[in-house]
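What follows draws every value from the coordinates through simple rules; no lab data is involved. Treat the numbers as computed from the prediction; the structure is a model and nothing was measured. In this analysis, Cβ positions are derived from the backbone assuming ideal geometry, glycine residues included, and neighbour counts consider all displayed protein chains.
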Amino acid sequence: MSDLALPAALAPAARRADPIGRGEALAAWLLTGPAILAFVLMLLVPTLAVVAIAFTDYELGATALRFVGFANFAELMEDRGFVTSFRNTAFFVAVTTPASVIGGLALAIAIEGGRRGRTFFRAVFFLPVVSLMVAMATAFQYMFHPTIGPVNALLRGLGIVGPNWLGSSDSVMWTLAVIGVWEQIGFNMVLFMAGLTAIPRDLYAAAEVDGVRSGWSRFWTVTWPLLGPTTLFVLTITMIRSLRVFDIVATLTQGGPNKASEVLLYTMYTEGFTYFRMGYSAAITVVFLAAVVVLMLIQTRLIDRRVHYG
Amino acid sequence: MIPGSNVRSLVADLPRLAILSALGLLFLMPYLWMISVSLKPLDEVWRASMSLIPETFAIQKNYGRVLSEVPIGRYLLNGVIVCFGILVFQLAFALPAGYALAKLNFRGRETLFAFVMLGLLIPAHVPAIPLYIAFAKTGVLNSYAALIAPSTISVFAIFMFRQFFRSMPDELIQAARMDGLGEWSIVWRIVVPNAWPAATAFAIFSVVAHWNDLFWPLIAVSGKGELATPALGVVYFRTEEAGDDFGALMAAATLTTLPLVAAFLIAQRRFIEGITMTGLKG
């Protein structure tokens with residue numbers, strides 16, 4: 001912020017002499033002032049601080065701290081727990097993203113494709129977005145309970161012995177991913193609905209004249225190309241939302257069994273706020289932030305390129 | 001969407017409706033079981049029956065246990081206080097800033113906007129450690145202030161209001177200036193009243209996000225629950241009280257999920273518009 005022209009703008013006499021120039025600047029700084037202050041205190045400084053802490057061995061309660069360079073990051077690479085955590089997060093993103101993006105698109109098309117029941121179905125699939133996830137996790141804990149849960153009861157009815165969904169290392173991430181898809185699909189559906197309504201109707205009429213008749217080819221010739229930017233956008237924000245998985249792990253599994261469901265934010269939380277290893281936890285935060293920033297950059301790059309088409 | 005769909009008969013539409021209904025039912029299963037179990041006595045819960053309707057009702061026992069052992073009203077009130085507090089600050093900070101960035105000419109505007117874009121990259125989890133340390137050192141932890149302060153600034157709100165105000169006609173503001181209104185009065189008497197659609201959309205987004213947030217309350221509030229938000233309250237009840245009492249647990253889950261779900265069912269269109277408008281935050 002090198003060009004903060006505050007002193008000049010603050011001169012009260014300037015306002016009368018030059019009502020549009022300096023008066024406007026003064027007003028602008030007064031109007032943005034509170035936001036700037038809160039931004040600096042609550043976001044900018046803490047974010048810079050977390051990066052700085054990541055290079056120290058700071059522990060809450062310790063009297064001294066040491067600059068340790070990349071030692072925390074080196075330790076992360078060696079730490080089996082962190083490597084698992086990173087891999088689990090990647091798995092969660094890799095499974096929930098395509099499922100909830102394709103699912104959201106399919107639902108949007110199916111619901112908007114007819115006249116009946118639009119409001120109703122929209123509400124049904126959107127419900128998880130407004131539901132308290134911690135509470136719904138309780139419901140899922142029951143659904144997937146190995147002995148009394150309806151999922152395994154149903155499987156028993158079919159003669160299949162269901163797994164201990166949340167209690168076994170083999171199935172726990174899959175189960176969490178199913179819950180993740182349930183949670184996210186309605187959000188994506190709504191974004192796709194917005195994208196669909198933006199497609200000009202006469203394009204469909206034109207396609208029909210050109211001999212595009214079936215619903216399927218209509219989708220591939222008109223809907224899909226025009227939804228390109230929406231899809232990319234939904235894709236990246238879904239990845240970022242999946243990357244932030246925390247609530248369901250914190251309530252359902254606490255990273256267990258045997259670290260099989262450790263994810264980035266949960267590992268960061270336990271290292272920092274249970275063991276108070278702030279330096280180490282900060283390093284995990286930096287990895288998390290880097291992943292988010294990379295996804296955002298990919299998004300802006302791709303969308304910028306796409307804009308020339310659309 | 002598909003031309004001619006309005007003349008399609010109900011019969012032709014049936015497969016679509018059937019598929020959507022089946023999927024919808026699957027989606028609603030957690031809610032149905034949550035409510036069903038919250039009504040069942042414990043022995044029936046453990047019998048692993050597939051029936052949704054309880055043979056005997058244990059409403060009083062389950063809900064009674066929650067209401068007597070858990071200050072659920074307190075949690076809900078905390079949720080309201082925290083969400084409302086956050087929203088008031090977010091709007092008070094972001095509305096004027098968004099207006100200034102959209103409509104006023106001043107040196108540094110581009111730089112400020114660059115910081116807004118930079119801020120959009122940072123998820124709320126990132127500043128948590130330094131904020132926790134600072135709050136711990138200043139004794140602010142375990143207070144409403146600790147729950148509210150980190151969320152008072154929403155760069156996303158600034159961005160959204162800036163976009164909104166850019167499409168507002170300049171003439172409106174010029175005319176107000178001609179009438180001798182200062183920038184401050186223009187903001188509160190012309191700009192803000194005109195920003196209601198965007199403000200409502202943002203309010204829905206903000207309340208949904210903070211009512212359901214677990215991460216920061218888990219960090220900012222320790223000990224047992226005077227200050228717990230609904231999400232934190234459910235976690236406390238699960239770990240400290242309920243154990244395997246699924247009936248009571250589901251009753252607690254139902255009671256804490258209800259407020260936002262009810263609000264959504266009453267004002268569906270607003271919610272969906274709100275999330276569409278604010279969807280880009282993710």
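Using alpha carbons only, the radius of gyration of the range B:97-213 set against its Kirkwood radius gives Rg/Rh = 1.05. Residue exposure proxy: A:Trp165, A:Trp224, ordered by other Cβ atoms within 10 angstrom of their Cβ from fewest to most, comes out as A:Trp224, A:Trp165.
Partner aspartates and glutamates whose Cα lies under 17 Å from the Cα of A:Lys259, excluding those fewer than 8 positions away in the same chain, are identified as A:Glu78, A:Asp79, A:Asp170, A:Asp247, A:Glu271. Once each part is reduced to its C-alpha centroid, what is the distance from the range B:180-194 to the range B:69-102 in angstrom? Centre-to-centre distance over Cα atoms comes out at 23 Å.
Distance between the modelled labels on A:Val209 and A:Gln254, one decimal in nanometres: 6.7 nm (7 Å Cα→Cβ projection).
Tell me whether chain B comes out rounded, prolate or oblate; compute the Cα gyration tensor, take square roots of the eigenvalues as a ≥ b ≥ c, and use a/c under 1.5 as the rounded threshold. Oblate, since a/c reaches 1.5 and b/c is not below a/b. Under the definition of Cα pairs under 8 Å and six or more residues apart, what whole-number percent is the relative contact order of the range B:70-279? Dividing the mean separation by the residue count of the range B:70-279 yields 33 percent.
Between A:Leu155 and A:Trp220, the distance separating the two model label sites (each 7 Å from Cα on the Cα→Cβ line) works out to 3.7 nm. Taking A:Ala260, A:Ala25, A:Ala139 in turn, the Gaussian network model of chain A (Cα-Cα springs below 10 Å) assigns the largest fluctuation to A:Ala25.
For peptide B:16-22, the mean count of partner chain Cβ atoms within 10 Å of a residue's Cβ comes to 4.
For a quick check, take a GNM of chain B with Cα springs below 10 Å and name the residue from B:Val207, B:Val187, B:Val82 with the largest mean-square fluctuation. Fluctuation is largest for B:Val187.
If a/c stays under 1.5 just call it rounded; otherwise compare a/b with b/c (prolate if a/b is bigger, oblate if not). Do that for the range A:92-210, with a ≥ b ≥ c from the square roots of the Cα gyration tensor eigenvalues. Prolate, because a/c is 1.5 or more and a/b exceeds b/c. Full extension of the chain between B:Leu32 and B:Ile81 yields a length gain of 14.7 nm, computed as 0.36 nm times the residue separation minus the alpha carbon distance. Assuming R0 = 35 Å, what is the FRET efficiency of A:Thr63 and B:Glu241, from their Cβ-Cβ distance, to the nearest 0.05? The pair A:Thr63/B:Glu241 has a calculated efficiency of 0.40.
Per the Cα gyration tensor, the range B:20-66 maps to an equivalent ellipsoid with semi-axes of 23, 12, 7 Å, ordered largest to smallest. Based on the reciprocal of the average 1/r between different C-alpha atoms, the Kirkwood radius for the protein assembly as shown equals 26.1 Å. Listing A:Thr138, A:Thr236 from fewest to most neighbouring C-beta atoms within 10 Å gives A:Thr236, A:Thr138. A simple spin-label model places pseudo-atoms 7 Å from Cα toward Cβ; at A:Ala90 and B:Val11 they are separated by 5.5 nm. In terms of surrounding Cβ atoms within a 10 Å radius of their Cβ, A:Arg244, A:Arg115, B:Arg270 rank from fewest to most as A:Arg115, B:Arg270, A:Arg244.
Roughly speaking, what is the stretch gain from B:Ala22 to B:Ala267, that is 0.36 nm per residue apart minus the C-alpha to C-alpha distance, in nm to one decimal? Here the answer is 85.7 nm.
Through the Karplus equation 6.51 cos²θ - 1.76 cosθ + 1.60, θ set to phi - 60°, convert the phi angles of the range B:17-31 into ³J(HN,Hα) values in whole Hz; use x for Gly and Pro. Residue by residue, the range B:17-31 yields 5, 5, 4, 4, 5, 4, 4, x, 5, 4, 5, 7, 3, x, 5 Hz. For A:Phe246, the shell of other residues with beta-carbons less than 15 Å away shows a net charge of -3, using +1 for Lys and Arg and -1 for Asp and Glu.
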